[in-house]
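Any read-out appearing in this document is the output of simple, stated calculations on the displayed coordinates, not a laboratory observation. Small disclaimer: the values here were computed from a predicted structure and weren't measured. Cβ sites come from the backbone with ideal geometry, for glycine too, and all protein chains shown count toward neighbours.
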Amino acid sequence: VARERGAHRIARVKVRVGDFSGVVPAALEFAFDALKAESLAAGAALEIERVPIAVKCPNCGSTDPPAADLALWCTQCTTPLEILAGQELDVQYIDVEEE
Ligand SMILES: [Zn+2]
């Protein structure tokens with residue numbers, strides 16, 4: 001994207017990471033730092049916004065959080081929960097410096 005825009009440097013990348021995405025923010029930061037060298041993003045900062053899990057029971061409508069990370073059923077009626085948020089892995093924006 002930065003190259004398409006004629007940018008010579010990426011200053012900042014903001015990513016939204018859901019708590020139920022399977023992505024560990026510390027591992028993402030480590031990988032970003034390891035891979036950015038010798039790229040347009042060499043000096044870029046990575047900003048991570050964590051998105052907490054949000055659920056809804058399709059049976060009783062409860063939005064109570066699950067009892068445990070991998071126990072995605074309703075604590076009120078034991079119906080499997082619908083996940084409304086928390087699976088994100090989205091690039092929100094990339095700040096670039098143009099020539
Ligand atoms: Zn329920």
Amide H neighbours of A41 at under 5 Å, excluding residues fewer than 5 places away on the same chain, with H built from the backbone geometry, are I10
Rounded to the nearest 10, the angle in degrees between the Cα long axis of helix 25-36 and the longest principal axis of the Cα atoms of the chain comes to 20
Computed on Cα atoms only, the convex hull of the chain has an orientation-averaged projected area in nm² of 7.3
Per the 1/(1 + (r/R0)^6) rule, R0 = 30 Å and r from the Cβ atoms of R50 and R12, FRET efficiency to 0.05 is 0.95
Residues meeting the amide H criterion for W73 (H placed from the backbone, H to H distance under 5 Å, 5 or more places apart or on another chain) are A67, L81
Taking trypsin sites (Lys or Arg not before Pro) in a DSSP loop with at most 13 other Cβ atoms within 10 angstrom as exposed, one finds the longest site-free stretch of the chain at 6-99
Per-residue Cβ contact counts at 10 Å, fewest first, order D19, D64 as D64, D19
Helix-only [θ] at 222 nm, the chain, -39500 (n - 2.57) per DSSP H run of 4+, per residue, nearest 500, equals -4000 deg cm²/dmol
Computed D for segment 35-79, Stokes-Einstein, Kirkwood radius over alpha-carbon pairs, 37 °C, 0.692 mPa s, to the nearest µm² per second, is 242
